[in-house]
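See structure below.
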Amino acid sequence: MFNRAVSRLSRKRPPSDIHDGDGSSSSSHQNPKSTAKWAASLENLLEDPEGVKRFREFLKKEFSEENVLFWLACEDFKKTQDKKQMQEKAKEIYSTFLSSKASSQVNVEGQSRLNEKILEEPHPLMFQKLQDQIFNLMKYDSYSRFLKSDLFLKHQRTEEEEEEPPDSQTAAKRASRTYNT
């Protein structure tokens, strides 16, 4: 049920094209120096499809991927216009992330939990308080560890290596040989 929910939630992508149904980035090419943008803020990271992919990989290893999945589901929910669709998505978000029987329950304060009755009359910002809690949890906990993680640092090094012109070292070596002979 959880995979179906994630797949369904990711079908309607926000304009930033956050991720495909399988969780992978829809483009294999990334912007130059994307890691610099990711390091600037969690907001920047969450706007970049490759950043979301890498952050999810990290959170999966930390057994807290449900936080970013909940955040993404709420972002998608806020863009829903149709009342019937909104009601279906609200129930799905609740059953996947918020109910006491949720398959991927997020850790929100008890008094912030929603009453199931509110699901009958959903509105775009009904999950906002909970989404903000999860965002802050990621921002002040997982995100800072992500920036220090091997996964992030390796991606950053790869990005820096790709940025260097391939001939830069060989040109320097050629110049050195020319002047030293």
Worksheet item: What are the aspartates and glutamates whose alpha-carbon lies under 13 Å from the alpha-carbon of K33, with same-chain residues fewer than 8 places away excluded?
Response: D48, E50, E159, E160, E161, E162, E163, E164
Worksheet item: Tell me, in nm to one decimal, what length is gained between K91 and Q128 on full extension, where the rule is 0.36 nm per residue of separation less the Cα-Cα distance?
Response: 11.8 nm
Item to complete: Using label points projected 7 Å from each Cα along Cα→Cβ, tell me how many nm separate N107 and E75, to one decimal.
Response: 2.3
Worksheet item: Stokes-Einstein at 25 °C, 0.890 mPa s, Kirkwood radius from Cα pairs: D for segment 30-128 in µm² s⁻¹?
Response: 166
Practice prompt. Pull up the cross-link candidates among the lysines for K61, meaning alpha carbon to alpha carbon under 22 Å and not fewer than 8 places away within one chain.
Written response: K53, K139, K148, K154
Discussion item. Need one number: nm distance between label points at K61 and K37, each 7 Å from Cα along Cα→Cβ, rounded to one decimal.
Written reply: 2.3
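Just so you know, all these numbers are worked out from the coordinates, no wet-lab data involved. It should be emphasised that the depicted structure is a prediction, and the values quoted were computed from it without experimental measurement. Positions of Cβ are generated from backbone atoms using ideal geometry, with glycine treated the same way; all protein chains shown enter the neighbour counts.
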